[in-house]
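Student: Structure below; questions to follow.
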Amino acid sequence: MMAALLALTACQSKHEQLQQQIEQRKEALKHHQDSALTAAQRTVQQLDEQLQQAKADYERMKREADAAHANGTATAEQLTATTQMRLHRDSLQAQFDAECAKIKYIRKRQKE
């Protein structure tokens, strides 16, 4: 009888330890998600500023290149710079979209 009582007590103790570990992991996951969300939001803010500037620069360069092309005075360097700016803008847009998707995923996981 004493052995059964000791075994039952040991099982309850082990169960309590496991429950504490589960709670600790849940808290760690919550902290990790909050940190990742904050970092992603900061990154989105920075990328948004860079993206807006890149869009404005590209539109300006495109207008200038189109006007020069219409006049027949467009240079290869000017057209190359415009194309490179478009590539830079597109790259920033892809990074921005990826970070937004990351934020959406983190928020979805937090709701679960």
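Student: Under the Kirkwood approximation for Rh and a Cα-based Rg, what ratio Rg/Rh is obtained for the chain?
Tutor: Taking Rg over the Kirkwood Rh, I get 1.50.
Student: Just the number, please: carbon plus sulfur as a percent of the accessible area of segment 30-112, 1.4 Å probe, no ligands or DNA/RNA counted.
Tutor: Of all accessible area on segment 30-112, carbon and sulfur atoms account for 51 percent.
Student: Angle, helix 2-71 long axis vs. longest principal axis of the chain, Cα atoms, 0 to 90°, nearest 10?
Tutor: Relative to the chain, helix 2-71 is tipped by roughly 0 degrees.
Student: Of 26/102; 14/111; 62/102; 55/108, which sit over 25 Å apart, Cα to Cα?
Tutor: In this structure, 14/111; 62/102; 55/108 lie more than 25 Å apart at Cα.
Student: Contact order normalised by length for the chain, with contacts defined as Cα pairs under 8 Å and 6 or more residues apart; what percent is it? Present the calculation step by step, with values, prior to reporting the outcome.
Tutor: Values: 42 pairs, mean separation 43.4, N = 112.
Reported as a whole number, the value is 39 percent.
Student: If you don't mind, another one. How big is the C-alpha Rg of segment 47-104 next to the rule-of-thumb value 2.2 N^0.38 Å, as a ratio?
Tutor: 1.36
Student: Next question. Just name one of 75, 88, 19: the one whose Cα is farthest towards the positive end of the charge dipole of the chain (beta-carbon charges, Lys/Arg +1, Asp/Glu -1).
Tutor: Looking along the dipole axis, the top candidate is 19.
Student: In debye, nearest 20: dipole of the chain around its Cα centre with unit charges on the Cβ of K, R (+) and D, E (-)?
Tutor: For the chain, the charge dipole is close to 440 debye.
Student: Here's a follow-up. Using only alpha-carbon positions, what ratio does the radius of gyration of segment 71-111 give when scaled by 2.2 N^0.38 Å?
Tutor: On the way: Rg = 17.9 Å, N = 41, 2.2 N^0.38 = 9.0 Å.
Computed over Cα atoms of segment 71-111, the ratio equals 1.98.
Student: How large is the accessible surface per residue of the chain, computed with a 1.4 Å probe and reported in Å² as a whole number?
Tutor: Value returned for the chain: 78 Å² of accessible area per residue.
Student: Then there's this: Quantify how much of the Cα-Cα distance distribution of segment 31-80 extends past 17 Å, in percent.
Tutor: On the way: 675 of 1225 pairs.
The share of Cα pairs beyond 17 Å in segment 31-80 comes to 55 percent.
The values are calculated or read from the model by the stated rules, or taken from the named source; none is laboratory data. Predicted model, so just to flag it, every value in this text is computed and none were measured. Please note: Cβ atoms are built from the backbone with ideal geometry, for glycine as well, and neighbour counts cover all protein chains shown. To get the accessible areas, we keep the full protein, side chains included, count just its heavy atoms, and leave off ligands, DNA and RNA. Shrake-Rupley method; radii C 1.70, N 1.55, O 1.52, S 1.80 Å.
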